[in-house]
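Here's the structure we're looking at; comments come further down.
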Amino acid sequence: MILRFSHDGLRLFPRSRGWSRILQLLTLAMMALVALPAAAQQKEGFFRDVLINSGYGLGSGSPRDIAVAEGYSVQSMATPFQHQIPEQNAFLGGSSIDTNGGLLYPDGSPRFALAYSTGGDAHVFWTNSSGHNHWDTFYWNGGSYGGSCAGAFLTDSGYMNIFSGDVLPTAALGSHVPEDHTLPSDSPLLQYDQFDGLTSFSGIDHQGGAYIRNPGDGGVPSDAEVLLRYASPGFPGYQLPSVWAHQDTIGGAPSSGRQVVTGSHPEWTTSGEMGHRIAAAMIHYAIDGNLTPTVKHQLQNNQTLSIVQDTNPHRPEPVHNRFTKIGDKQYHHFKVEVPANHGGFLTIDLDERLDVNDNHAYHLNLYARQGNDLAFDSNTQHKNVIATGSKSLCIPLPEGASTWHVSVECATTVEPLPGGRGYSGPTHVLNGVGYDIRASWNGTTQSLSLVQPDGDIFESGQTVPISWDHQGLDTALVALSLTYPSGAEILLAEGIPAANQSFSWDIPANAAQGVYTVEITTRICGQTVSDQAWLTVEDDLPAEGYLDLTDATNICYGDGLEFRVDWETNLEAGTILLETYINGHLHTSDLVPNTGSYQRSFYYRFIVTSAEVRIGSASVGDSFAVDHTPGSCKSSLGR
């Protein structure tokens, strides 16, 4: 086999078909990459933290395991064989089920926090892949890029064109050539690892490789950062950058993601522990360079925004796609400025908008937080994450004006297929989900107050009119409750439209005397708004008189009944009627002295299933039922 180096990296030229087959098998074994499950520390707003690009022409060595060990979620795209190139290109360049391609969300935002290209042959990969413009869109819209060896060459003007300086070959031929590196005292890698105090590293694997000139020389941006330098005397690129980073800026503010690349292979197992720690720090620094997501709109009071447009391939910048649909696990961010005369509550309404032929179910989440920070699930103060596409938030507002950030997240998502060149699951989400969003605040204070009763006095059997006034509660529902003089509470009614403003309660004929409390309540944004009023039930004695049993006892035994009753009455009659009913039929009927107490016993020779004593006159009276269970006889005043 002949090893030949070009500025694209190391190329392998097999002498025979046998060598080609061996290389294919070795490559397949080393590149059998599968998508790993999302880690708990996944950066919010991305499908995965890291995409490992081992496309056709690129090698198997990758920092996948290092990224996973650092807590990042990873998708690996591997294309070891030529017949898989169409799948690779559908993933990178787009297809009917994913117009924007796997690197981007429908609005052009990066779908991964970091895309990392492995070593191999940059030229072979680039000439056999589509979607070239998606790479620079990914970077300029805030995604970070990482790469080793050939992955560093891909940033050059002949490929992605995201680095203005020349990426030069070290021309170090040979397989797994160890090289020495030094760590500058101002290296950003020290933010993530002190490397046990070491400032030089030996044995970092190198194959072909790359370097750049010092910042400011030969077209290299003056603000490029040197993370490591080559330190092997006589080595091409000696004392020049071996690991470097750059982030474009406008007016001093970042205007792209961050590229962090190396001409060597610290990620390879042959580079040892320190090599892996260097690779881990590179990944951290790259991901920390993501652009902050943009706020799509400032929501105006009671105005609905429709986020329903499809991908615009000709205007990929998010600023030109503020009405484009949301992708899987993506966040869309909005701002709300609430004035001082807000009325007390902020309502956010979210409604999914589906295309005519789209009958799928989607899960959209809604978040809100006060202040200048964007709202995510990890920092939100208010959220609705019920598994539906439409939902609302109702938020109590502080006094005075306030700033809020609102976010929509698409929780419906897919899973990568083996090899990472496509997806399984609800792939219809890849072209985005449309929705309407609206913020509203009333401008008037919500209030609820009872008008009637107002300390009124009623008698048993009368109807009590209950009425109320309200402000800003036209769509609210109220509940009415009543507290008795004894302290017992009952619900009179619930679900009454506040706009009705009236209700009636009929006082029972045997209502207890005393003061009753009426309360009206409603719930607004999780808070209770209520008011109370009072009424008194006070009866005059009926003119025709009254008779009430004050005590009643009975003693049951096998074939008879003995009972005693006590009563109060204003009847002047010398006698009153006392009747007993057995099994529902009249058994005895007697006029007894109106003395306020009477005792009686009698016998019977039949099975008794029920017994009742009635006492009174033609106009008034009372009764009690007898529990005729042997050994447990009781009486109950029939009030």
Given the C-alpha atoms of segment 427-512, compute the convex hull and give its volume per residue in Å³.
173 Å³
Take the alpha-carbon positions of segment 117-157, form their convex hull, and give its projected area averaged over all directions (one quarter of the hull surface) in nm².
2.8 nm²
Potential lengthening between VAL68 and VAL356 on full extension [0.36 nm per residue; Cα-Cα distance subtracted]
99.6 nm
On the principal axes of its Cα set, how long, how wide and how thick is segment 412-557? Give whole Å, largest value first.
94, 60, 20
Once normalised by the length of segment 218-269, the mean sequence separation of its alpha carbon contacts under 8 Å that are 6 or more apart gives a contact order in percent of 27 percent
Given 225-232, 187-194, 164-171, the highest-first ranking by average Cβ count within 10 Å works out to 225-232, 164-171, 187-194
Give, in whole angstrom and from largest to smallest, the semi-axes √(5λ) of the equivalent ellipsoid of segment 269-364, with λ running over the eigenvalues of the Cα gyration tensor.
38, 21, 14
How would you rank 573-585, 405-417, 470-482, highest first, on the average number of other Cβ atoms within 10 Å across their residues?
405-417, 470-482, 573-585
So for the pair THR388, GLU273, with labels modelled 7 Å out along Cα→Cβ, what separation do we get in nm?
5.5 nm
Starting with the highest mean, order 495-502, 52-59, 208-215, 144-151 by the number of other Cβ atoms within 10 Å, averaged over the residues of each peptide.
144-151, 52-59, 208-215, 495-502
P(r) for segment 81-171, please, calculated from all Cα pair distances in 10 Å bins and given in %.
17, 50, 29, 4, 0
Quick one: in segment 296-437, what % of C-alpha pairs are over 19 Å apart?
54 percent
Any chance you could list the semi-axes, whole Å, largest first, of the equivalent ellipsoid that the Cα gyration tensor gives for segment 445-486, using √(5λ)?
25, 11, 10
Give me the Kirkwood hydrodynamic radius of segment 44-86 in Å, from all C-alpha pairs, to one decimal place?
11.3 Å
Once each part is reduced to its C-alpha centroid, what is the distance from segment 448-477 to segment 106-149 in angstrom?
68 Å
Taking a label point 7 Å from the Cα of VAL451 along Cα-to-Cβ, the residues of segment 457-490 whose backbone nitrogen sits under 14 Å from it are 465-471
For ALA171 and SER130, FRET efficiency with R0 = 30 Å and r from the beta-carbon atoms, rounded to 0.05?
0.45
With the Cα gyration tensor of segment 148-248 giving a ≥ b ≥ c as the square roots of its eigenvalues, does the rule (a/c under 1.5 for rounded; else a/b larger than b/c for prolate; else oblate) give rounded, prolate or oblate?
oblate
What distance in nm lies between label points placed 7 Å from Cα along the C-beta direction at SER601 and ARG523?
6.1 nm
Length added when fully stretched, SER460-ALA493, from 0.36 nm per residue minus Cα-Cα
9.9 nm
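Only the coordinates and a few stated rules stand behind these numbers; no lab work does. The structure presented is a predicted model; accordingly, all values stated were derived computationally and were not measured. We place every Cβ from the backbone using ideal geometry, glycine too, and count neighbours over all the protein chains shown.
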